[in-house]
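Please read the structure below before turning to the comments.
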Amino acid sequence: MKTQVTSAISAREADAAFAGLEAFDRVVLAVSGGPDSMALMVLAAEWRARMPSDAPLLSVATVDHGLRPESHAEAELVAEEARRLGLAHTTIPWNGEKPSTGLPAAARDARYRLLTDHAGTLGGGRMAIVTAHHRDDQAETFAMRLARGAGIDGLAGMRSERPVHGGLPIMLVRPLLAFSKERLVATLAARGIAYAEDTTNSDRRYERARVRSLASRFAGVGLSADAIATSARRLGEARDALSYAERCFVASLDISFGNEVFARLDRKAFEAGPIFLRQKIIARLIARYGGASPSPQLCEVEDLVARMQREGASAATLGGAMISTGSRFIRVWREVGRLDPAEVTLTPGVAQVWDGRFVVRWAGHAARYSGRHNSNSVIVKPLGKGGYASIVGSLAPGHRPPTRASLAVPAFWTGGRLLAAPSLAPFAQLDGPPLDPGGYELAALADNAAF
């Protein structure tokens with residue numbers, strides 16, 4: 001009986017896999033030194049060599065987490081191979097104290113953050129960060145999420161392309177999801193290229209390693225990685241169809257965002273929609289107005305939507321947001337009690353993110369700024385009851401947003417004195433401070449068009 005030989009990935013297959021990268025000006029390959037990412041680097045370099053001169057500019061980045069003694073040598077292995085391929089390489093260290101629990105998740109978050117920061121330093125144009133996630137990773141992710149009772153969004157697995165977090169114009173791209181790990185290893189073997197083995201990949205203290213160790217047992221009962229990845233792909237197609245249905249549903253809700261002070265939507269239209277889409281909309285509004293608060297669990301959103309259906313009028317807090325249901329409208333706003341201590345001190349001209357929802361900036365003259373938290377400093381914190389009481393008379397009667405929503409808006413202060421509350425400026429009946437923002441700038445991170 002002949003032993004089946006796993007084939008290397010062909011040039012034709014690689015060209016099809018990397019075709020989407022032609023839309024970008026710069027591409028950062030995330031390469032750790034393991035077989036998956038080393039194969040990514042080689043295949044991408046060969047693809048680029050076959051492309052015309054205006055193809056994307058490739059570079060390589062290695063995040064050195066510093067968690068194992070071998071990590072520095074592995075980064076050097078990547079750098080050496082990148083030089084051979086004619087690619088620029090950067091090693092990015094993960095500095096600072098490492099958590100004692102939840103290390104895999106923290107390391108993953110640090111990796112994406114550091115890669116995104118690095119990509120942001122490379123100049124303008126369309127930017128992509130490319131990782132070597134493959135078919136087996138997709139199957140493992142499916143199994144892990146299934147164990148948590150995930151819905152369609154979770155079981156659909158990893159997308160081949162999505163924006164990075166943080167509102168930056170950088171895409172995360174995974175071109176190798178159709179290929180098995182065996183074929184990536186075979187690709188390196190065909191070229192005689194060395195790679196590193198990360199021992200933590202088989203450390204059963206970690207969930208992914210435990211799932212990986214059961215792969216042969218799954219395959220023995222027909223649950224092969226290929227079959228699981230196929231299900232994830234088909235669920236991804238279902239997710240895309242539901243996204244289309246969701247956009248149509250949103251269009252029926254007459255939704256408004258109240259200058260990000262509060263959202264309002266038509267209750268009758270909301271309750272006419274299927275429960276799955278109602279849950280999706282409420283979850284998205286909570287994410288939008290809940291700011292830096294932890295996201296709620298799916299079961300919590302399900303319970304909330306069921307309660308909204310049962311009760312004529314209700315009010316509930318979830319995920320840092322208040323959800324108020326009346327006879328005609330549903331309103332959502334930031335829960336002020338979850339904001340403390342949401343306070344940042346501004347340097348003139350330097351933008352900062354406040355509560356995960358707004359970019360704030362003070363355009364004051366640098367000479368007025370002392371660098372310390374005193375009467376010359378400008379800080380951003382919630383408007384609160386005292387601030388609201390001082391400006392409520394300037395708001396147009398009958399046009400005011402809900403009072404509790406107004407208390408949670410970002411406001412600019414100095415020495416206990418309110419300088420500006422730009423979010424409430426559209427609701428003012430009189431011009432002038434503090435509802436005339438002047439040099440106090442505020443921009444929402446959320447995109448209304450993308451809702």
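The values are calculated or read from the model by the stated rules, or taken from the named source; none is laboratory data. Remember, it's a predicted structure, so these values are computed and weren't measured experimentally. Every residue, glycine among them, receives a Cβ derived from its backbone with ideal geometry; neighbour counts consider all protein chains shown. Only protein heavy atoms, including side chains, enter the accessible area calculation; ligands, DNA and RNA are left aside. Shrake-Rupley method; radii C 1.70, N 1.55, O 1.52, S 1.80 Å.
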### Dipole of the chain, positive direction: furthest Cα of Val211, Val360, Ala411, with charges on the beta-carbon
Ala411
### Query
Size of region 133-278 along its principal axes in angstrom, Cα-based, largest extent first?
61, 38, 28
#### Entry: Pairs of alpha carbons in region 1-59 whose separation is greater than 19 Å (percent)
34 percent
### Task
Starting from the exponent 0.38 and prefactor 2.2 Å, build the expected Rg for region 1-120 from its residue count and divide its actual Cα Rg by it.
1.20
## Note on the structure
If N is the residue count of region 217-327, its Cα Rg over 2.2 N^0.38 Å rounds to 1.32
### Message
For region 388-444 and region 298-364, what is the centre-to-centre distance using only Cα atoms, to the nearest Å?
### Response
17 Å
### Message
Suppose every Lys and Arg Cβ carries +1 and every Asp and Glu Cβ carries -1, with no other charges. What dipole size does region 269-424 come out with about its Cα centre, to the nearest 20 debye?
### Response
380 debye
### Principal-axis tilt of helix 225-251 within the chain, Cα atoms, nearest 10 degrees
20 degrees
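Which order do the peptides 6-16, 31-41 take when ranked by the mean count of other beta-carbon atoms within 10 Å per residue, highest first?
31-41, 6-16
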### Message
As I understand it, the value is the acute angle between the Cα axis of helix 181-191 and the longest principal axis of the Cα atoms of the chain; what does it come to in degrees, rounded to 10?
### Response
50 degrees
### Query
Just the projected area, averaged over all directions, of the convex hull on the alpha carbon atoms of region 82-169: how many nm²?
8.2 nm²
### Message
Just to be sure I understand the model, the point goes 7 Å from the Cα along the line to the Cβ. What's the resulting Ala444 to Asp25 distance in nm?
### Response
2.9 nm
### Query
Taking R0 as 41 Å, what's the FRET efficiency between Ala16 and Ala351 from their Cβ-Cβ distance, rounded to 0.05?
0.50
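Contour minus end-to-end for Arg208 and Ser100, with contour as 0.36 nm per residue of separation and end-to-end as the Cα-Cα distance?
Here the answer is 37.1 nm.
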## Note on the structure
Taking Cα atoms, the helix 35-50 axis meets the longest principal axis of the chain at an angle in degrees (rounded to 10) of 90 degrees
### Query
Relative to the Cα centre, what is the charge dipole magnitude of the chain, using +1 at the beta carbon of each Lys and Arg, -1 at the beta carbon of each Asp and Glu, and rounding to the nearest 20 debye?
880 debye
### FRET efficiency, Arg159 to Glu80 (Cβ-Cβ, R0 30 Å, nearest 0.05)
0.40
## Note on the structure
For Ala321, other-chain or 5+-apart residues with amide H closer than 5 Å (H placed, Pro excluded) are Glu335
### Message
Suppose only helical runs count, i.e. DSSP H with n ≥ 4. What mean residue ellipticity at 222 nm does that imply for the chain under -39500 (n - 2.57) per run, divided by all residues and rounded to the nearest 500 deg cm²/dmol?
### Response
-11500 deg cm²/dmol
## Note on the structure
Excluding residues fewer than 8 positions from Lys268 in its own chain, the lysines with Cα under 19 Å of it are Lys280
### For the chain, share of DSSP beta bridges that run antiparallel, in % to the nearest 5
65 percent
### Query
So for the chain, taking the charge dipole from beta-carbon charges (+1 Lys/Arg, -1 Asp/Glu), which of Leu253, Ile152, Ala229 sits furthest toward the positive end?
Leu253
### Task
With the full set of protein chains in place, find how many percent of the accessible area of the chain is carbon and sulfur; take the probe as 1.4 Å.
52 percent
### Task
Could you state the orientation-averaged shadow area of the convex hull built on the Cα atoms of the chain, in nm² to one decimal?
26.6 nm²
